[in-house]
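S.K.: Could you have a look at this structure, given as structure tokens, before my questions?
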Amino acid sequence: MEINWFTVIAQIVNFLILVWLLKRFLYKPVLDAIDAREKKIASQLEDAATKKAEAKRDKDLFRQKNEAFDKERVAKMNAVHEQIDSEKQRLLEDVRKESTVLRSKFEQSLKQQEQEIVDRLKKKTKDAVFDIAKKTLSDLADVSLEQQVVTVFIEKIRNLDGASKTKFIDALKDNEGPITIKSVFDLSDSSKQELEKAMEKITEKQNDFRYELEPELVSGIKIETASYQLSWTIDSYLEALKKESIITKEKENAID
Amino acid sequence: MRISPDQMVFWEYGFISLNLTIVTTWVLMLLLALGAWLITRNLKSEIKTSRWQNVLEMLVIMIRDQIKEVGLKKPEKYIGFIGTLFLFIAVSNLLTIVPWYEAPTGSLSTTAALAISVFIAVPVFGIADGGLKGYLRSYLQPNFIMLPFNIISEISRTLALAVRLFGNIMSGGLIATVLISIVPFFFPMIMSALGLLTGMIQAYIFAILATVYIAAATQDEKGIEGREVEGSE
């Protein structure tokens, strides 16, 4: 256990050299590398934080935009839905109206058709009735009936009133030439005389008469001048009746 | 029986003698410097680094954190001295597993040299940090009566540093040698393993004590606590 002082000095020198060497090759480079890495990591972290913040901002912006877009979309969808609904309603209304119009038209035409058929039927019936009446009367007509007709006719002339009478009298008075009397059968002389007398009495003058046969009258008599004619025949009677029935019918329709 | 590697002299010229201690120390220096250079010549500051670099960084950071823990606020300033103390002693003790190797720390000359280095380094760091006045004032703490005791403490602890390390390493080697002559198998191995442990602990103790002394000298708050650590040693 002794100390070799040369060795001590040498070891001190050795140790100092080793300190320098290790400082030079170990501590300094390692610590520098660590510092550099720490700086690098710090800067990277900072960078990451910046990027993160940026990303968050972008994300927020994107989300906001997305929300706005969603809202807008919903609003637009609603608007479109409303529009579609109203359009549908309108179209339905149109169709309904149209169908109503068509139906009413159809109903009208149906009614009209029905009416026409009814009318035609009525007319036919009427015609038939009148034809039957006419046929019956013509079958029944004979001279004695003619006689009766003349009597009724004279009675009618006598009973003419107001304007008709004046018109009749004027027509006969102004008449020049013979007065034509038409009948189905040949009138008997007594009938002729009676008729002429009656006429004379009304017109207060001598008249010239001409007699003609006209089988279409069915039964009755007709007085004709150049400008006037007066008749009382079954035919005209039926005509008048028919006309009256048509008017009545029309009135009924109008009421309907 | 040879106790110290100093006794094995290769070459001698008057005062100058080239013994095993010096030669081994040179080899160790070469090993340390070369290893450090090989690993640090292409250091990367990337996130991903080589395994060797990781090991070195771990080591350096550990030493730095230890120095910081003791109370020196700028560990980078002291890491060269304290870190080298630790690494040199640790490596020199670890290599005892190599056959025929004799640790230079098993020579009192080496441990004395290291202790003297600490003895000189303490005032040097103290003056560098707080000025000459500030350093000298630390001898008057807590009052002037303590001045002689402080001076005695300064010298005695240097002596203690040298003898402690020498005693531990030398005894380790000696016990191994003795055991080999008595029971050649198995037991020397256990003693060698124990020696490794002791060597590491001694390296740590030496370095940490040096740190504590420097911390005390640099008037650091925690440095005063460091004196108590010394007292308990």
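S.K.: Sort the range B:5-232 into rounded, prolate or oblate with this rule: let a ≥ b ≥ c be the square roots of the eigenvalues of the Cα gyration tensor; rounded if a/c is under 1.5, and if a/c is not under 1.5, prolate when a/b is larger than b/c, oblate otherwise.
M.R.: Working: a/c = 1.83, a/b = 1.29, b/c = 1.42.
Note, shape of the range B:5-232 comes out oblate.
S.K.: Would you work out which of B:Leu32, B:Tyr135, B:Ser153 lies farthest towards the positive end of the dipole of chain B, given +1 charges on the beta-carbon of Lys and Arg and -1 on that of Asp and Glu, about the Cα centre?
M.R.: Towards the positive end, the residue furthest out is B:Leu32.
S.K.: Leaving ligands, DNA and RNA out of it, report the carbon-plus-sulfur percent of the accessible area of the range A:1-139 at a 1.4 Å probe.
M.R.: Carbon plus sulfur share of accessible area: 61 percent.
S.K.: What accessible area per residue, rounded to a whole number of Å², is obtained for the protein assembly as shown using a probe radius of 1.4 Å?
M.R.: Details: 30860 Å² over 489 residues.
So the protein assembly as shown comes to 63 Å² accessible per residue, rounded to a whole number.
S.K.: Mind running the shape call on the range A:1-107? Use the C-alpha gyration tensor, a ≥ b ≥ c as the square roots of the eigenvalues: rounded below 1.5 for a/c, prolate if a/b tops b/c, oblate otherwise.
M.R.: The shape class here is prolate.
S.K.: To the nearest 20 Debye, how big is the dipole of the range A:1-107 about its Cα centre, given +1 on the beta carbon of each Lys and Arg and -1 on that of each Asp and Glu? Display every interim value, and only then the final one.
M.R.: Numbers: 22 positive and 19 negative charges, 25 e Å.
Dipole size: approximately 120 debye.
S.K.: Counting partner chain Cβ atoms within 10 Å of every residue's Cβ in B:73-86, what's the average? Let's see the in-between values first.
M.R.: Details: counts 0, 0, 1, 4, 0, 0, 7, 9, 5, 1, 5, 10, 3, 0.
The mean count of partner-chain Cβ atoms within 10 Å per residue comes to 3.
S.K.: Hey, another quick one. Checking the cross-link filter: which aspartates and glutamates have an alpha carbon closer than 15 Å to that of A:Lys23, excluding same-chain neighbours under 8 positions apart?
M.R.: Once the sequence-local aspartates and glutamates are set aside, what remains near A:Lys23 is A:Asp32, B:Glu57, B:Glu76.
S.K.: Still on this model: Ranked highest first by average number of other Cβ atoms within 10 Å, how do A:33-46, A:91-104, A:12-25 line up?
M.R.: Details: A:33-46: 12.9, A:91-104: 10.1, A:12-25: 17.9.
So the peptides A:33-46, A:91-104, A:12-25, ranked by packing, come out A:12-25, A:33-46, A:91-104.
S.K.: Which of the peptides A:149-162, A:201-214 is most tightly packed, and how do the rest follow, judged by the mean count of other Cβ atoms within 10 Å per residue? Spell out each step's value before the answer.
M.R.: Working: A:149-162: 15.0, A:201-214: 12.5.
Per-residue Cβ counts within 10 Å, averaged per peptide and sorted highest first, yield A:149-162, A:201-214.
S.K.: For chain B, what are the DSSP H helices with axial Cα length of 18 Å or more and mean Kyte-Doolittle hydropathy of at least 0.5?
M.R.: B:20-40, B:75-94, B:108-137, B:147-182, B:187-217
S.K.: A follow-up question, please. Roughly how crowded by other chains is peptide B:23-34, in terms of the mean Cβ count from those chains within 10 Å of each of its Cβ atoms?
M.R.: 3
S.K.: Can I ask one more? For chain B, modelled as a Gaussian network with Cα springs under 10 Å, which listed residue fluctuates most, B:Thr49, B:Thr177, B:Thr25?
M.R.: B:Thr49
S.K.: Follow-up question, since we're still on this one. Ignoring ligands, DNA and RNA, how do B:Tyr135, B:Tyr13 rank by accessible area with a 1.4 Å probe, largest first?
M.R.: B:Tyr13, B:Tyr135
S.K.: So if I place +1 on the C-beta of Lys and Arg and -1 on the C-beta of Asp and Glu, and nothing else carries charge, what would the dipole magnitude of chain B be about its Cα centre? I want it in debye, nearest 20.
M.R.: Roughly 420 debye, rounded to the nearest 20.
S.K.: Among B:Val212, B:Val91, B:Val118, which one shows the highest mean-square fluctuation when chain B is modelled as a Gaussian network with alpha-carbon springs under 10 Å?
M.R.: Of B:Val212, B:Val91, B:Val118, the Gaussian network model singles out B:Val91 as fluctuating most.
S.K.: A follow-up question, please. From the helices alone, meaning DSSP H stretches of at least four residues, give me the mean residue ellipticity at 222 nm for chain A, per-run term -39500 (n - 2.57), in deg cm²/dmol to the nearest 500.
M.R.: -28000 deg cm²/dmol
S.K.: Another one. Roughly what angle does helix A:28-140 make with the longest principal axis of chain A, taking Cα atoms, 0 to 90 degrees, to the nearest 10?
M.R.: 10
S.K.: Per residue of B:97-109, how many C-beta atoms from partner chains lie within 10 Å of its own C-beta, taken as a mean?
M.R.: 2
S.K.: Pairs A:Lys59/B:Lys44; A:Lys39/B:Lys133; A:Lys135/A:Lys156; A:Lys71/A:Lys97; A:Lys197/A:Lys242: which exceed 31 Å Cα-Cα?
M.R.: As for pairs spanning more than 31 Å Cα to Cα, those are A:Lys59/B:Lys44; A:Lys39/B:Lys133; A:Lys71/A:Lys97; A:Lys197/A:Lys242.
S.K.: While we're here: Roughly how tilted is helix A:162-174, in degrees to the nearest 10 and between 0 and 90, from the longest Cα axis of chain A?
M.R.: Tilt of helix A:162-174: around 60 degrees.
S.K.: Something else now. For chain B, set up a Gaussian network in which alpha carbons nearer than 10 Å are linked by springs, and say which option among B:Ile16, B:Ile127, B:Ile61 fluctuates the most.
M.R.: B:Ile16
S.K.: Name the aspartates and glutamates eligible as straight-distance cross-link partners of A:Lys201: C-alpha to C-alpha under 17 Å, and not fewer than 8 places from it in the same chain.
M.R.: Reachable aspartates and glutamates: A:Glu155, A:Asp161, A:Asp170, A:Asp174.
S.K.: Cross-link partners among lysines for A:Lys243, C-alpha distance below 18 Å, same-chain residues fewer than 8 apart left out?
M.R.: Here the lysines satisfying the reach criterion relative to A:Lys243 are A:Lys122, A:Lys123, A:Lys124, A:Lys126, A:Lys134, A:Lys251.
S.K.: In terms of the Cα gyration tensor, with a ≥ b ≥ c the square roots of its eigenvalues, is the range B:49-98 rounded because a/c is under 1.5, prolate because a/b exceeds b/c, or oblate?
M.R.: Oblate is the answer for the range B:49-98, as a/c is 1.5 or above yet b/c matches or exceeds a/b.
The values are calculated or read from the model by the stated rules, or taken from the named source; none is laboratory data. Predicted model only: the values in this text are computed from it and were never measured. Note: ideal-geometry Cβ built from the backbone for every residue, glycine included; neighbour counts use all protein chains shown. To get the accessible areas, we keep the full protein, side chains included, count just its heavy atoms, and leave off ligands, DNA and RNA. Shrake-Rupley method; radii C 1.70, N 1.55, O 1.52, S 1.80 Å.
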